[in-house]
Amino acid sequence: MSLFERIISMNEKLSLVGLGYVGMPIAVAFSKKVKVIGYDLNEKKIELYRSGIDPTNEVGSEAIKNCSVEFTADETKLREAKFHIVAVPTPVNDDHTPDLAPVEGASRILGRNLTKGSIVVYESTVYPGVTEEVCVPILEQESGLKCGVDFKIGYSPERINPGDKVHRLETITKIVSGMDEETLDEIAKTYELVVEAGVHRAPSIKVAEAAKVIENSQRDINIAFMNELSIIFNKMGIDTKSVLEAAGTKWNFLKFSPGLVGGHCIGVDPYYLTYKAEMIGYHSQVILAGRRINDDMGKYVAENCVKNLIKAERPIKNAKVAILGFTFKENCPDTRNSKVFDIVKELREYGIEPIVADPQADAAEAKRLYEIDFVDMSDIKNMDAVVLAVAHTQFAALTVADLDKMYGEGRKVLVDVKGILDRDEYENAGYLYWRL
């Protein structure tokens, strides 16, 4: 009987190592079909899950309360599972080099508890070669087992889109790969249990790793192009959004828009690819150029906020500025690698200490990572400028009357980073309105 057959007959368990935005939806989905152990070394997070609370908002507290996942912070419980999925973050260091510490740490934990006959599948975004060249030696060293003989490995890149209720684990085609045909078949069949859209069998682990890293690099480059156009058109006094709407009427025009590119995917993955390219002697030109543009956009937004304050004849030092939104993307509580913080830092360079409000964000995380304390929306009064930085649904619903209450005397400066409000409406109401 194959491992897949033993899993679906409930004779073997599946484990998830890492229960964040990626791991949790996978654990919950699989728990509807098979026995699942959900492991995370963060005991506080495990307590939340056991209490039926979803801090990520990805699957919802109700789904967690009603699922059959066995949540644990005890790594020895992993010995009860034979099919392991590793879904830990892969960030970058301050110098933009890959930080493989989480995936290496997870490999050590799993290696210590790996049993013969297991399959290990990595979902973390990495550069081609990490699974076989970095993770496998750790698994072998910690377990004393031999890869290909005692256990098998595969790679299936995550495609979870935080905050997106349409494109879910079940509805996005899943790339799967394995070290050999037999392993690939087991991995493909296992994922087919939960992925209604089906799987794409990649010919090798390296192909699957490369596919993941270029998906986000492509998006990053396209947004960088839009950001560069925005800078050019701004200098020309042309509204970028209007240009993109006009160009978007052509059937094959790619509909991207300018914005801040943060988070733990699009703003990170290109650096994994360029790092590997440099290891083999190639210095990226297009990818890194796009990264430089996108990494500077927070500073650019802040500079334009200051320029508009000058136009509005407001004193710059100690100007009262409110920033609405702090997460890396809309309708999602995640603040990791948020480029909104770049706006905060740059405004501080001008002697402005902005206040920040974000009813959707994880306030404890923002405090820990950035030393930022959020204010309530109702506390935003007497402002000189408001920066609408994130397109949360509740911000898009703001009216002129709502925003009027946030300002003091004088000309009102409004920086609408994502262009979610009606430019004409605000300009007719006397606002100094600016957007990317």
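The values are calculated or read from the model by the stated rules, or taken from the named source; none is laboratory data. All of these numbers come straight from a predicted model, not from anything done at the bench. Reconstructed Cβ throughout: ideal geometry from the backbone, glycine too, with neighbour counts over all protein chains shown. Just so you know, the surface numbers come from the protein's heavy atoms only, side chains and all, with ligands and any DNA or RNA stripped out. Shrake-Rupley method; radii C 1.70, N 1.55, O 1.52, S 1.80 Å.
Expressed as a whole percent, the accessible surface of the stretch 21-168 that belongs to carbon and sulfur atoms is 49, based on a 1.4 Å probe.
For Lys320, a cut-off of 24 angstrom between C-alpha atoms picks up these lysines, skipping any fewer than 8 places away in its own chain: Lys299, Lys307, Lys311, Lys339, Lys345, Lys367, Lys381, Lys405, Lys412, Lys418. Exposure here means at most 11 other Cβ atoms within 10 Å; with chymotrypsin sites (Phe, Trp or Tyr not before Pro) in a DSSP loop as sites, the longest stretch of the chain lacking them is 1-250. Spin-label model, Glu181/Thr249: points 7 Å from Cα along the beta carbon direction are separated by 5.5 nm. The length gained by stretching the chain between Ser204 and Lys235 to full extension, at 0.36 nm per residue less their Cα-Cα distance, is 6.4 nm. From the mean inverse distance of alpha carbon pairs (Kirkwood) and the Cα radius of gyration, derive Rg over Rh for the stretch 324-433. Ratio of gyration radius to Kirkwood radius for the stretch 324-433: 0.95. At a probe radius of 1.4 angstrom, the accessible area of the chain per residue rounds to 44 square angstrom. Helix content alone sets the calculated 222 nm mean residue ellipticity of the chain: runs of n ≥ 4 DSSP H residues at -39500 (n - 2.57) each, divided across all residues, give -11500 deg cm²/dmol. Here the dipole of the stretch 268-354 is about 200 debye; that uses its Cα centre as origin and unit charges on the Cβ of Lys and Arg (positive) and Asp and Glu (negative).
Lysine pair count for the stretch 1-80 (Cα-Cα distance under 18 Å; residues 8 or more apart in sequence or on different chains): 12. Between Asp379 and Ala101, the simple label model (points 7 Å from Cα in the Cβ direction) yields a spacing of 3.1 nm. Charging the Cβ of each Asp and Glu at -1 and of each Lys and Arg at +1, and nothing else, the dipole of the chain about its Cα centre rounds to 300 debye. Residues whose amide H falls under 5 Å from that of Tyr407, counting only those 5 or more places apart or on a different chain, are Asn382, Met383, with hydrogens built in the peptide plane. What's the whole-number percent of alpha carbon pairs in the stretch 1-85 lying beyond 18 angstrom? The proportion of pairs with Cα distances above 18 Å equals 35 percent. For a paramagnetic label modelled on Ser2 (point 7 Å from Cα along Cα→Cβ), amide N atoms under 18 Å away belong, within the stretch 63-103, to 82-85. In the chain, taking the dipole from charged Cβ atoms about the Cα centre, the farthest positive-side position among Ser124, Ala401, Ile316 is held by Ala401.
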